[in-house]
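The values are calculated or read from the model by the stated rules, or taken from the named source; none is laboratory data. Values in this document were obtained by computation on a predicted structure and should not be read as measured data. Every residue, glycine among them, receives a Cβ derived from its backbone with ideal geometry; neighbour counts consider all protein chains shown.
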Amino acid sequence: MAKILLVEDNEMNRDMLSRRLERKGHQILIAIDGEQGVTMACSETPDLILMDMSLPILDGWQATRQLKGMAATQSIPIIALTAHAMAGDRERCLEAGCDDYDTKPVEFSRLMSKIQALLGKEVGA
Amino acid sequence: MNSVPHVLVVDDEEHTRIYFSRQLREYNLNVTTVENGRQAIHWLRSQPFDLVLLDILMPGMNGFQVLELMKTDPALSHIPVVIVSGLDDLDSLVRCIELGAEDYLFKPLNPILLKARINACLERKRLRDQEQAYLKQLQAEKAAAESANRAKSIFLANISHELRTPLNAIIGYSEILQEDIDAIGSEFAPDLDKIRASGKHLLALINDLLDISKIEAGKMDLYLEHFDVLSLVEEVAKTAQPWIEKNGNTLIIESTNALGSMHADLSKVRQALLNLLSNAAKFTEKGRVTLAVERKQEESGIESRESGAGSRELETTTLLTANNQPLKTASTQNSELKTQNSYPPTPFLIFRISDTGIGIPANQQEAIFEVFSQGDDSSTRKHGGTGLGLALSQRVCQMMGGYISVESELGKGSTFTIALPVDVVDHQVTTALAAEPPELHLQTEIANPSNEGGLILVIDDDRTVRDLMVRVLNQEGFRVVTTWCGEEGRRLARELRPCLILLDMMMSSVDSWAILSALKADPTLAEIPVVMSAIANNQSTGFTLGVSDCLTKPADFKRLALLLRRYRDNLASEKVLLVQEDATTRQIIQRLLEKEGWTVAIADHIQLALEMVDQAQPDLVVLDLMPPGMRGLEFIARLRQHKQLYSTPVVVVTSKDISRDDQLWLNGYIGTLFQQEGYSREKFLVEVRKLVTTCARSKTSA
């Protein structure tokens, strides 16, 4: 299945999400801050990135802008995950270059359909 | 003012000073006399005065100079000045009044006139001071209220984050365990399900609370879009089906006529419908739940019906049918409707959710729309729910210019009615930014069906400017699609692939530069040329910056190379002017350009660049627009006015993150540029035509 990079600093969320995605047959790579996320995206070129937005060192918005600004990584779809649900969050994520957006707590089936949609689009493109 | 007013007399003649002194003391005023301007300024700066009597002709610093100094000093400008002059010196007097003198007295002085004028002056000053004090107080209060409101918003954002993070783990892990247990089967399953369900319930509660607070703080945004009503109804019915069946109920859908599409916030309409359906299912057993939908062409079509909740329903109807009828009560609901009512009548969509359930007692029918209120406490215990759903749905409908009403009979059932305008206007945004009526896009498309010129997307928050652009660009043979918002602009750009985007760079509520960066950061849109333009509020002047391309990341040289190659295909020669202040970046770009075979002319500042343009005759300009200078804009504005070089493509290199401060500064700077470089509306339109035609045509030919 797909190679998914999960960038998330909260250990529990990371553990939970990676286990559930692995059960669905995906290969999961883990980064625990934005900087590591960018480095790993460059070296591993995953099929998709799940990006928490409030991250240490480099936040999700900055990391996304960097990834979308580099030719090697700009086509990797990024789904922003944020616990914020204030007005404008969605816009800010999309403005940063994220391809989709979901709020935490993650509703797993909804997230899966978003992942599927983006991966499908990649294959078709 | 409770203290005795203090008057400063400035005159070089001793007998005048003595005269004033004596007279003013007689009127019970405090008097200080000085004999020249310098002394006057010294005294004024050392203690407060309420009035200055000023002679014009004095040795050293004269009256004009004193007056000028006073009126330009914010600490002194509020003190009224009465000029004392000879009758023969009218010119000087006029000059003093122009400089800000409050009144004048002629020599020889008349004691009665003197008293009247001085008292009038002092009274005016007292009133002005009072007004200022009130204003200051109001401003302070306003600032305090705003900062409290901000603190509340930040608190809300934080608390929601803090609460959701642990919930994330609770729900997530119980779902993981549930998957495990489903596989092996276990007696723990029901307990686990309760943990998960409680977690979900808590989440729903937090979400609803957050939504209600957002609405009340005016922070809830509407995401208006066009959607098909029947599809929504079908989708909602499918979602609600399991809840309805749970209590042995049947769901009946009634659609009376062609429903068509509506322009509203889809997720909020869906939320309200699901809420009412879930309530109906919850409070009905072995009965029927009916969802009936119809489209009313006239607002008067919403007829008053016999209803236990009469007042609410009837009043709403009154409002909708008779504009001039005075309101009996002024609840928020009705004032909202009144706002809506000031717009021309629009068709409404009516959703009726009826059940055959327990019904609501008449005395509780008002209260159910309030926060944390169900029929009564016992029903909360029996039926669960957050107690926020109905309150939230009501507010959400009101935001969209509609309402929810109820009629119910105890033991027989309830009918909830949602009425929403077919075309919702976003009241959060000022009327000028009002969402486009659905026909406009179509009209503009049909207005010029010729495909020749291609499609242009106009992003501008001013409706009149959008209309103007449609006309102008249609005349040039382009089809035009307009929008006022950047987000929608991006969506349209992706969908319609216009050959050019015309972006307003002075939008009041939105950040044009963020839109530009977003467009350019999107690999699927980066190729589309964007022309930045601005037109003044009164639309009499405007100017354009034909920013043909924009690199948002200085290090992204690979894209620069690609971009330049694309341009070179359309150019006769290969001369590029590089305008870059930073030496390192300049060298890198220069080397890169030369490697690509370009002849590079270098300017390390804007002035030089402006001088070089004529002699270098570049085919392309690569321009630094990095903070803090960003004077590059001025260069572009000048270039656009150049006789031969106006259409030279400019590739702008800007910082990946223009900060908020830079942004504000930049907007201010554009304002200044506007004054310096702006030109008449006619010329502006000519410029836009030229630029658009050049850019769009070269794009189509490329």
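I'd like to know if region A:57-65 contains one or more residues that are away from chain B (no Cβ under 14 Å), without any contact (Cβ under 8 Å) to a residue 60 or more places away in the chain and over 17 Å from A:Val106 (Cα atoms).
In the first step, residues of region A:57-65 are kept if they are away from chain B (no Cβ under 14 Å); the result is A:57.
Narrowing the set further to residues that are without any contact (Cβ under 8 Å) to a residue 60 or more places away in the chain leaves A:57.
Next cut, over 17 Å from A:Val106 (Cα atoms) only: A:57.
Yes.
Scan region B:1-8 and give yes if some residue there is free of Cβ contacts under 8 Å to residues at least 40 places away in the same chain, in a helix (DSSP H, G or I) and surrounded by fewer than 19 Cβ atoms within 10 Å (Cβ to Cβ), otherwise no. Before you say what the answer is, go through the steps one by one.
Of all residues in region B:1-8, those free of Cβ contacts under 8 Å to residues at least 40 places away in the same chain come to B:2-4.
Subsequent filtering for residues that are in a helix (DSSP H, G or I) retains none.
Scanning region B:1-8, I find no residue that is free of Cβ contacts under 8 Å to residues at least 40 places away in the same chain, in a helix (DSSP H, G or I) and surrounded by fewer than 19 Cβ atoms within 10 Å (Cβ to Cβ), so the answer is no.
Just a yes or no: is a residue in region B:118-139 within 14 Å of another protein chain (Cβ to nearest Cβ) and not polar (S, T, N, Q)?
Our first condition is that a residue be within 14 Å of another protein chain (Cβ to nearest Cβ); within region B:118-139, this holds for none.
Checked region B:118-139: no residue is within 14 Å of another protein chain (Cβ to nearest Cβ) and not polar (S, T, N, Q).
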### Task
Pull up region A:6-25, narrow it to residues that are without any contact (Cβ under 8 Å) to a residue 60 or more places away in the chain, buried (at least 22 other Cβ atoms within 10 Å of the Cβ) and over 18 Å from B:Ser174 (Cβ atoms), then point me to the one that is farthest from the other protein chains (Cβ to nearest Cβ).
A:Val7
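Inside region A:90-113, can you point out the residues that are of a type in the set (Lys, Arg) and more than 8 Å from chain B (Cβ to nearest Cβ)?
So in region A:90-113, the residues of a type in the set (Lys, Arg) come out as A:90, A:92, A:104, A:110.
Across region A:90-113, the qualifying residues are A:Arg90, A:Arg92, A:Arg110.
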### Query
B:Ala197 is checked against (1) surrounded by 18 or more Cβ atoms within 10 Å (Cβ to Cβ); (2) assigned to a helix (DSSP H, G or I) and fails just one. What number does that condition carry?
(1)
### Query
So B:Lys152 clears everything in (1) more than 26 Å from B:Ser278 (Cβ to Cβ); (2) within 11 Å of chain A (Cβ to nearest Cβ) except one condition, right? Which one?
(2)
### Message
Tell me yes or no: at least one residue of region B:527-541 is modelled with pLDDT of 65 or more and either within 14 Å of chain A (Cβ to nearest Cβ) or touching a His at 6+ places or on another chain (Cβ under 6 Å) (or both).
### Response
yes
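Go through region A:109-125 residue by residue and tally those that are of a type outside the set (Asp, Glu), modelled with pLDDT under 75 and in contact with a Pro (Cβ under 9 Å, 6 or more places away or on another chain). Even if it seems obvious, please write down each step before you answer.
Initial filter on region A:109-125 (of a type outside the set (Asp, Glu)): A:109-121, A:123-125.
Of the ones still in play, those that are also modelled with pLDDT under 75 are A:121, A:123-125.
Now narrow it down to the ones that are in contact with a Pro (Cβ under 9 Å, 6 or more places away or on another chain): A:121.
Selection size over region A:109-125: 1.
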### Query
Residues in region A:38-56 that are assigned to a loop (DSSP other than H, G, I, E, B) and away from chain B (no Cβ under 14 Å): how many?
4
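Which residue, of B:Leu291, B:Leu274, is within 33 Å of the chain's Cα centre (by Cα) and at pLDDT 75 or above? Don't jump to the end; show me each part of the working.
Values: B:Leu291 fails: within 33 Å of the chain's Cα centre (by Cα).
Sole residue among the options that is within 33 Å of the chain's Cα centre (by Cα) and at pLDDT 75 or above: B:Leu274.
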### Query
Restricting region A:80-108 to residues that are crowded, with 21+ Cβ neighbours inside 10 Å and modelled with pLDDT of 85 or more, which is farthest from the chain's Cα centre (by Cα)?
A:Gly97
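Here is a yes/no grid of residues against (1) among the small types (Gly, Ala, Ser); (2) farther than 24 Å from B:Leu222 by Cα; (3) buried (at least 18 other Cβ atoms within 10 Å of the Cβ):
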site	(1), (2), (3)
B:Asn249	no, yes, yes
B:Ala258	yes, yes, no
B:Ser267	yes, no, no
B:Ala272	yes, no, yes
B:Asn275	no, no, yes
B:Ala292	yes, yes, no
B:Arg295	no, no, yes
### Summary
Those residues of region B:98-119 which are without any contact (Cβ under 8 Å) to a residue 40 or more places away in the chain and exposed (fewer than 14 other Cβ atoms within 10 Å of the Cβ) amount to B:Glu98, B:Pro108, B:Asn110, B:Ile112, B:Leu113, B:Ala116
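Does region B:17-42 hold any residues that are assigned to a helix (DSSP H, G or I) and surrounded by fewer than 19 Cβ atoms within 10 Å (Cβ to Cβ), and which are they? I'd like the intermediate steps shown before the answer.
Residues of region B:17-42 that are assigned to a helix (DSSP H, G or I), as a first pass: B:17-26, B:37-42.
Of everything in region B:17-42, those that are assigned to a helix (DSSP H, G or I) and surrounded by fewer than 19 Cβ atoms within 10 Å (Cβ to Cβ) turn out to be B:Ile18, B:Tyr19, B:Ser21, B:Arg22, B:Gln23, B:Arg25, B:Glu26, B:Arg38, B:Gln39, B:His42.
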### Query
Residue check: is A:Ile30 part of a strand (DSSP E or B) and crowded, with 18+ Cβ neighbours inside 10 Å?
no
## Note on the structure
Flagged in region A:6-27 as touching a Gly at 6+ places or on another chain (Cβ under 7 Å) and outside any helix (DSSP H, G or I), in numbering order, are A:Val7
### Task
Working only within region B:74-98, note down all residues that are at pLDDT 85 or above and either acidic (Asp, Glu) or in contact with a Pro (Cβ under 9 Å, 6 or more places away or on another chain) (or both).
B:Ile79, B:Glu98
### Query
Just checking, how many residues over region B:171-206 are at the interface with another protein chain (Cβ under 8 Å from one of its Cβ atoms), of a type in the set (Val, Ile, Thr) and within 40 Å of the chain's Cα centre (by Cα)?
1
### Message
Could you go through region B:207-217 and let me know if any residue there is in contact (Cβ under 8 Å) with a residue 60 or more places away in the chain, within 26 Å of B:Glu370 (Cα to Cα), within 14 Å of chain A (Cβ to nearest Cβ) and in a loop (DSSP other than H, G, I, E, B).
### Response
yes
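So which of B:Lys268, B:Lys296 ends up being out of contact with any Lys or Arg (no Cβ under 6 Å at 6 or more places or on another chain), at pLDDT below 90 and away from chain A (no Cβ under 14 Å)? Working first, answer last.
Values: B:Lys268 fails: away from chain A (no Cβ under 14 Å).
None of the other options fit; the residue is B:Lys296.
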